[in-house]
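Worksheet for the structure shown next.
Throughout, read-outs are computed from the coordinates displayed, never taken from laboratory work. These numbers were taken from a predicted model, which means no experiment stands behind them. Positions of Cβ are backbone-derived with ideal geometry, glycine not excepted, and every protein chain shown enters the neighbour counts.
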Amino acid sequence: MGKSLLDKVWDAHTVRELPTGQTQLFIGLHLIHEVTSPQAFQMMREQGLTVPYPDRTIATVDHIVPTDTAARPFADEQAEGMMSAIERNCREFGIRFLDRSTGQQGIVHVIGPELGLTQPGITIACGDSHTSTHGAFGAVAFGIGTSQVRDVLATQCLAIQRPQVRRIVVDGTVANGVYAKDVILHIIRTLGVKGGVGLAYEYGGAVFDRMTMEERMTVCNMSIEGGARCGYVNPDETTVAYLRGREFVPQDAAFERAAAWWKAMASDRDASYLDVVPIDGARIAPTVTWGINPGQALGVDEKIPAPESFSADDREVAEDAYGYMDLKPGAAIKGTRIDVAFIGSCTNGRLSDLREAAKIAQRGKVKSHVKALVVPGSQAVAKQAEAEGLHEIFRAAGFEWRLPGCSMCLAMNPDKLVGRQVCASSSNRNFKGRQGSPSGRTLLMSPAMVAAAAIEGAVVDVREFLS
Ligand code: SF4
């Protein structure tokens, strides 16, 4: 019986099996940011610990940075405190810090891949749920908590349970106007937000084979929203082509050797899985969330589902969602008025996302009642987008073009919803209060759908803009 990529990577990084049933797993790359690292460094100091592999940790700042100004100190004292802390900690512990002065700052899950830090066959940890993004390269990548950040800093290891693997095969061809975001929202809708608990999701099939690396990142990013511990795509020629020439990958002959090893880490043809879930790509529509978790999603032409269509467990959450979102069963999601449009985040703040959104933006003007923001995922994304004139397209249409950061995905910076505002968002979570207002409402969708909603002032089918 062959092995899955998960098993190959796991076996290659196992230090030992622990009496708890967990594995002591060596972590190849540790990414840190300003929100979940200060307490970890504080614990390091209190326990007199040092960082044995400082070259395996890279820091950036993303969650708290304002996107309308680069000025220091930040107006928000707490944000300034976090920024000062990561600067001091990186200096003291000898860790490379990619701040705004480097031109390489950005959302942690955007800069890892674009710098070539994220590579196939390695283990990656970061104190952020959406670390699963890096699985797009065939890495095994986990989000971890603050005390685990300390563990990785101090030992370069994690005590962790080996997940079983579910293979999700999306075959066929997706229609024009259906993007990677729609594919993952459809998967989560199908399998549920708890469907992947205890599992790794392996994504395969013709739709994934054809996807770009940025599209694969969008899908893997939201594995965690389906409950999975991580998600990955097997490395192939697309992966190798993306990585060639990037700053942190081996160069020349060493690159060719690395590429051969990367591809050998892909799951064997006869690998065994917990189960295999087939999905027909042709049946995926532009998808929008209507509720308070990413599984409460529907095709843009569908009606809000009736309570009877849910299991007893899910019905309670659905009832909660109808009230919170002020949406009624049987109503159309299309036409739902929006107040804010947000294009950005580690799910959909990359160059290809901005290109697709700009194609829509150039077809109209943002409705006067809508506040529309475009926040590139990194300084490198912003630079390339500006070189292509995308910022001018967005500005001409009435969008604000901002500095890179997490922004309104989590609203730990000044970009927040106000009151009961409804936001069409390309981010990954539509939880209550996620975007900064305790009563704010989020509709998740692809960046192109967000751009179309901004122009229409309401949820619209992006295919109407493309036809
Ligand atoms: S963009 Fe959102 S999900 Fe991604 S790292 Fe930032 S806050 Fe987390």
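How high is the relative contact order of the chain, given as a whole-number percent (alpha carbon pairs under 8 Å, six or more residues apart)?
On the way: 1134 pairs, mean separation 81.0, N = 467.
Taking the mean separation of contacting Cα pairs over the length of the chain, I get 17 percent.
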Magnitude of the Cβ-charge dipole (Lys and Arg +1, Asp and Glu -1) of the range 224-354 about the Cα centre, nearest 20 debye, reported as 400
Cα centroid of the range 136-206 to Cα centroid of the range 36-98, whole Å: 27
Please report the relative contact order for the range 99-258, taking Cα pairs under 8 Å with a sequence separation of at least 6, and give it as a percent rounded to a whole number. 28
Taking θ = phi - 60°, what integer Hz values does the Karplus form 6.51 cos²θ - 1.76 cosθ + 1.60 yield along the range 98-105, in sequence order, with x for Gly and Pro? 8, 8, 5, 6, 8, x, 10, 6
Measuring from label point to label point, each 7 Å out along Cα→Cβ, what is the Glu392 to Val418 span in nm? 3.2
Per-residue ³J(HN,Hα) for the range 206-214, Karplus 6.51 cos²θ - 1.76 cosθ + 1.60, θ = phi - 60°, Hz, x for Gly and Pro: 4, 5, 6, 4, 7, 5, 6, 5, 5
At Ser467 and Val277, where each label point lies 7 Å from the Cα along Cα→Cβ, what is the point-to-point distance in nanometres? 3.0
Projected onto the charge dipole of the chain (unit charges on the beta-carbon of Lys, Arg, Asp and Glu, signs +1, +1, -1, -1), the Cα from Ala200, Tyr179, Gln22 with the largest positive-side position is that of Tyr179
Kirkwood Rh (inverse of mean 1/r, distinct Cα pairs), the range 342-410, angstrom: 11.7
Leu199's amide H: which non-local residues (gap 5+, or another chain) put their own amide H closer than 5 Å, with H modeled 1.01 Å from N in plane and none for Pro or chain starts? Arg229
The range 152-289 - Rg (one decimal) and Dmax (whole number), Cα, Å: 16.2, 48
Spelling it out for Thr336: with amide H atoms placed in the peptide plane at 1.01 Å from N, the residues 5 or more places away or on another chain with amide H under 5 Å from its amide H are Val459
Straight distance only, please: which aspartates and glutamates reach the Cα of Lys194 with their own Cα at less than 13 Å, same-chain residues fewer than 8 apart left out? Glu225, Asp313, Asp314
What number does the chain give for Rg over Rh if you use C-alpha atoms and the Kirkwood radius? 0.95
Please work out how much length the chain gains when fully extended from Ala312 to Gln24, using 0.36 nm per residue of separation minus the C-alpha to C-alpha distance, in nm with one decimal. 99.8 nm
Kindly write out, for the range 18-32 in residue order, the coupling ³J(HN,Hα) from the Karplus curve 6.51 cos²θ - 1.76 cosθ + 1.60 (θ = phi - 60°), rounded to whole Hz, with x marking Gly and Pro. 8, x, 6, x, 7, 10, 7, 10, 6, 9, x, 9, 10, 9, 10
Would you mind computing, in nm to one decimal, how far apart the modelled labels at Thr146 and Gln42 are, each placed 7 Å from Cα along Cα→Cβ? 0.6
Which percentage, to the nearest 5, of the DSSP beta bridges contained in the chain is antiparallel? 25
In debye to the nearest 20, how big a dipole does the chain give about its Cα centre with +1 on each Lys and Arg Cβ and -1 on each Asp and Glu Cβ? 320
Holding the Cα-Cα limit at 30 Å, pick out from Lys303/Lys371; Lys263/Lys432; Lys8/Lys359; Lys3/Lys383; Lys383/Lys416; Lys303/Lys359 the pairs that are longer than that. Lys263/Lys432; Lys8/Lys359; Lys3/Lys383
From fewest to most C-beta neighbours within 10 Å, the residues His186, His13, His130 line up as His13, His186, His130
